[in-house]
Each structure stands twice: as structure tokens, then as C-alpha cells.
Amino acid sequence: MQFSDNSALLVIDAQKGMLIPKDEQPIPCLDAPVCIKTIEEVLKIFRSAKLPIIHFRELHRKEMVDFGRELDGSEGVHYLEGSEEAETIDTVAPIEGEFSIQKRRYSGFFATDLDLLLRGLQVEHLFIVGFLTDVCVHYTAADAHQYNYHIHVISDAVRGSSWEAHDAALRAIEYLQQGSVITLSDLKI
């Protein structure tokens with residue numbers, strides 16, 4: 001997949017909570033350390049191409065007034081402001097010139113200025129990496145589709161709550177836009 005000047009990378013919720021041992025995680029996530037290594041490689045490619053990179057952090061108020069229905073599912077309380085788990089993983093943290101957006105819900109578009117930023121940057125193609133494939137990655141990709149962006153989810157740089165959920169989310173994204181699920185080896189400068 002050749003990317004162009006109108007491409008950007010979205011790094012979804014690469015937060016320290018994903019590295020907590022599986023039996024202690026408030027959000028179940030598979031194989032996060034391996035995925036982080038792949039995200040590091042994707043970041044190198046986009047940084048060397050000098051393309052926009054937008055990092056997201058899911059962040060909730062300590063008073064827990066902004067979770068909405070999020071706690072009705074399988075996730076426990078997570079990513080409270082000021083907590084260590086809410087911080088970005090050091091090796092994939094934003095550097096000078098990259099953008100950061102905090103979000104209160106799953107989609108990077110919901111109640112954020114992401115669409116305004118993308119339009120200002122004249123972005124048409126979104127490459128997506130991060131966590132969780134079946135939640136925040138999926139909802140962001142679906143909303144990007146609704147906003148008329150071309151989506152490209154790098155399948156070996158995302159992880160889900162289970163392999164079954166991860167695979168199902170990738171199939172759902174591919175259903176929206178054929179050819180939207182790619183791998184690290186597909187990226188070309």
C-alpha cells in the first residue's frame with residue numbers, strides 16, 4: 001500500500017494499562033507487548049515520511065461522570081485522569097510536531113476535534129494502529145468511513161480483547177471498505 005501526502009497515522013490508545021498482566025487488566029487485551037513493537041515500526045515509517053501522526057488517549061474523569069454505558073460491558077473502571085495506566089507507553093509516545101487528542105468514548109471522532117484537524121491537514125487516507133481492535137479501533141474506523149475517509153487498519157499493529165473479537169472486527173472493517181485491512185509489510189514509502 002503506497003501512502004501519499006494526504007495520509008495520516010492514527011495511534012489509538014497505546015496506553016500503559018495495556019501492558020498490565022492479563023489477570024489484572026481492567027480491559028482484556030491480547031499480546032500487547034508484541035503489538036507495541038509493530039507500532040514502533042509503523043511510527044518509524046510515518047516519521048521518516050514526515051506524515052501527520054495523531055495519538056489518542058482514552059481518559060476518564062476521576063468522578064467517573066463520563067463513562068456513559070461503557071461500564072455495562074466487560075470493561076472495568078480504567079484510564080482515570082492522573083493514573084499511571086492512562087499514560088502513553090514510552091516507546092510510542094508523541095514527539096515534537098505530532099498531535100495528541102484525548103477522548104472520553106471509544107471513537108476518536110466522537111466529541112473531539114479530529115475531523116477538523118484532518119480537514120486542516122488535508123488528509124484523505126487514515127492508517128490506524130493501536131488498541132482494542134474490536135472496540136476503539138473499530139469504532140474509529142467505522143466513523144472514519146462515515147466521514148468519507150479511506151481507512152487502512154494495519155492488522156499486525158492492532159490487538160483486541162480476544163482473537164475471535166479481533167478477527168471479527170477486522171472482517172467488519174474490511175466489509176466497509178474492501179482492501180482496508182493491511183499489514184506492516186504492505187506499507188511502502
**Asked** Within the group Glu70, Glu85, which residue is part of a helix (DSSP H, G or I), farther than 17 Å from Ala14 by Cα and modelled with pLDDT under 95?
**Response** Glu70
**Request:** Scan segment 20-39 and give yes if some residue there is surrounded by 15 or more Cβ atoms within 10 Å (Cβ to Cβ), within 16 Å of Ile182 (Cβ to Cβ), at pLDDT below 95 and out of contact with any helix residue (DSSP H, G or I) (no Cβ under 7 Å at 6 or more places or on another chain), otherwise no.
**Result:** no
**Request:** Please state which one of Asp156, Asp143 is in a strand (DSSP E or B) and either at pLDDT 95 or above or of a type in the set (A, V, I, L, M) (or both).
**Result:** Asp156
**Asked** Are any of the residues in segment 160-168 closer than 17 Å to His55 by Cα, modelled with pLDDT of 95 or more and either within 13 Å of the chain's Cα centre (by Cα) or assigned to a strand (DSSP E or B) (or both)?
**Response** no
**Message:** Exactly one condition in (1) under 15 Å from the mean Cα position of the chain (by Cα); (2) farther than 17 Å from Asp134 by Cβ; (3) in a helix (DSSP H, G or I) is false for Ile45; which is it?
**Reply:** (1)
**Prompt:** Quick one: what pairs do we get from segment 175-189, first residue of a type in the set (D, E, K, R), second surrounded by fewer than 16 Cβ atoms within 10 Å (Cβ to Cβ) and not in a loop (DSSP other than H, G, I, E, B), C-beta under 7 Å, 6+ apart or different chains?
**Reply:** Lys188/Gln2
**Prompt:** Quick one: what pairs do we get from segment 11-22, first residue at negative phi, second among the small types (Gly, Ala, Ser) and buried (at least 24 other Cβ atoms within 10 Å of the Cβ), C-beta under 6 Å, 6+ apart or different chains?
**Reply:** Val11/Gly130; Ile12/Gly130; Ala14/Gly130
**Prompt:** Among the residues of segment 75-98, is there at least one that is surrounded by 15 or more Cβ atoms within 10 Å (Cβ to Cβ) and within 21 Å of Tyr149 (Cα to Cα)?
**Reply:** yes
**Item:** Residues that are assigned to a loop (DSSP other than H, G, I, E, B) and not charged (D, E, K, R), drawn from segment 88-113
**Value:** Ile89, Ala93, Pro94, Ile95, Gly97, Tyr106, Ser107, Gly108, Phe109, Phe110, Ala111, Thr112
**Request:** Filter segment 99-111 for residues that are of a type in the set (S, T, N, Q) and surrounded by fewer than 18 Cβ atoms within 10 Å (Cβ to Cβ) and give the result.
**Result:** Ser100, Gln102
**Request:** Being of a type outside the set (A, V, I, L, M, F, W, C), free of Cβ contacts under 8 Å to residues at least 60 places away in the same chain and buried (at least 16 other Cβ atoms within 10 Å of the Cβ) is the filter here, so list the residues in segment 140-173 that pass it.
**Result:** Asp143, His145, Tyr149, His150, Ser155
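The values are calculated or read from the model by the stated rules, or taken from the named source; none is laboratory data. Quick caveat: nothing in here was measured; it's all calculated off a predicted structure. We place every Cβ from the backbone using ideal geometry, glycine too, and count neighbours over all the protein chains shown.
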